[in-house]
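Just below is one structure, and these are the notes that go with it.
The values are calculated or read from the model by the stated rules, or taken from the named source; none is laboratory data. Predicted model only: the values in this text are computed from it and were never measured. Neighbour counts are summed over all protein chains in view; Cβ atoms, including those assigned to glycine, are modelled from backbone coordinates with ideal geometry. Heads up: the accessible areas ignore ligands, DNA and RNA and are worked out on the full protein's heavy atoms, side chains in. Shrake-Rupley method; radii C 1.70, N 1.55, O 1.52, S 1.80 Å.
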Amino acid sequence: MPLVVGCPRRCPPPSPAGRAQRPPPPHSVAPKRASSSSSSSTTPPLLTTRRAASAASLLLAALPPFPASSPKLPVASAKEDDEAEAREGEGELELELELERYTDRDEGFTLLKPVSWPKVEKAGATALFQQEGKGSNNIGIVVNPVRLSTLTEFGTPQFVAERLIQAEKKKESTKSAEVISAEERSGHDGLTVYEIEYLLDSTRGGMKRIFSAAFVASRKLYLLNIAHSDSQEKPLDSQTRNVLEQVLHSFDSV
C-alpha cells in the first residue's frame with residue numbers, strides 16, 4: 001500500500017483538479033537610490049575641495065554644451081590650504097621669478113611656468129603646477145573638445161567675463177567678484193586668445209586674483225587658470241604679478 005504523507009501545518013490546500021497552479025508573482029523591490037557615498041566610490045569626483053571652482057571650470061559651464069564628462073580644473077584641497085596657512089606663520093613664501101618653457105605637443109599647447117612650481121597630478125587637469133608650500137597658488141590647464149571653431153563664435157571677451165562673474169556670484173561661498181579686465185590678443189598663426197582678470201573674495205578661499213586665458217584650436221577648447229592669493233594683509237606684489245602676467249601672455253597653441 002502506498003504511503004500517504006500528511007501535509008505539514010499551514011500548508012496551502014491543493015489546487016483543484018485539472019487547473020494548473022499559477023506560480024506566485026515575483027516579489028518586486030523598488031531599486032534603492034544610490035547615496036552620495038556609494039556613487040563617489042564608483043565614480044571618483046573630479047573636485048574634492050572646499051574652495052570655489054576655478055575660472056576655467058566656470059568657462060566650461062558658460063560655453064555651449066560639452067560632453068557630460070567634461071573635466072574641471074582642480075584646486076588645492078582643504079588639507080593643502082590648511083598646511084599652507086600653517087607655513088605662512090613661519091615666514092613669507094617667496095615666488096621664484098625664473099621661468100621655463102613647458103610644451104605639451106600631444107595636446108597642442110605651450111606656456112611659461114615658474115621653475116620652482118612642480119607639476120602635480122590631479123584628476124580633471126591636463127596639467128597642473130603648484131607653488132611649493134602653498135598649493136592654493138597654482139597654474140592649471142584643461143583641454144576639452146568643443147563644437148566651436150573659434151572662441152569669437154561664442155562672444156566677446158567682455159561677454160565671457162560677465163558670464164564668469166555671474167556664475168561666481170551664484171555660489172553661496174562667494175562674497176564678491178569683480179572683473180578687472182577682459183581683452184583679446186593674437187596667438188600662434190593669428191589664433192584668437194581671450195585673457196580675463198578678476199578678483200574673487202570667498203568664504204572658502206579668501207581674496208584671490210584670477211588670471212584666465214582661453215582659445216579654440218582644432219575643435220578643442222584650451223583653458224588656462226592662474227590663481228594667487230591677494231589679501232589686504234598680503235597683497236599681490238608687483239614682481240609676482242609681472243611673473244603671472246608673463247605666464248598668462250605665453251599661453252598659446254603649438
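Descriptive notes on the structure:
- Qualifying residue in segment 146-153 (condition: open to solvent by less than 50 Å² (accessible area, probe 1.4 Å) and charged (D, E, K, R)): no
- Cβ-Cβ distances below 8 Å connect the following pairs, each with a first residue in segment 110-122 that is touching a residue at least 40 places away in the same chain (Cβ under 8 Å), a second residue that is assigned to a loop (DSSP other than H, G, I, E, B), and a separation of six or more residues or different chains: Thr110/Phe251; Thr110/Val254; Leu111/Phe251; Pro114/Leu95; Pro114/Glu96; Pro114/Leu97; Pro114/Glu98; Lys122/Pro74.
- Members of segment 172-190 found to be part of a strand (DSSP E or B), out of contact with any His (no Cβ under 8 Å at 6 or more places or on another chain) and of a type outside the set (Ser, Thr, Tyr), listed by number: Lys175, Ala177, Glu178, Val179, Ile180, Ala182, Glu183, Glu184
- Positions within segment 128-143 being at pLDDT 95 or above and surrounded by fewer than 21 Cβ atoms within 10 Å (Cβ to Cβ), in sequence order: Val143
- Single residue of segment 218-231 satisfying the filter (closer than 19 Å to Gln131 by Cα, touching a residue at least 60 places away in the same chain (Cβ under 8 Å) and open to solvent by 10 Å² or more (accessible area, probe 1.4 Å)) that is farthest from the chain's Cα centre (by Cα): Ser229
Residue-wise test of (1) of a type in the set (D, E, K, R); (2) closer than 13 Å to Asn225 by Cβ.
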residue	(1), (2)
Tyr102	no, no
Arg105	yes, no
Trp117	no, no
Ala127	no, yes
Val146	no, no
Thr150	no, no
Gly155	no, no
Gln158	no, no
His188	no, no
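- Contact annotation: residue pairs with Cβ atoms under 6 Å, 6 or more positions apart or on different chains, pairing a residue in segment 194-214 that is without any contact (Cβ under 8 Å) to a residue 60 or more places away in the chain with a partner that is of a type in the set (Phe, Trp, Tyr), are Glu197/Phe211; Ala213/Phe251.
- One residue from Lys169, Lys234, Lys208, Lys175 being closer than 16 Å to Asn137 by Cα and open to solvent by 30 Å² or more (accessible area, probe 1.4 Å): Lys234
- Scanning segment 130-171 for residues that are of a type outside the set (Val, Ile, Thr), closer than 27 Å to Lys113 by Cα, in contact (Cβ under 8 Å) with a residue 24 or more places away in the chain and not in a helix (DSSP H, G or I) yields Gln130, Gln131, Gly133, Lys134, Gly135, Ser136, Asn137, Asn138, Gly140, Asn144, Pro145.
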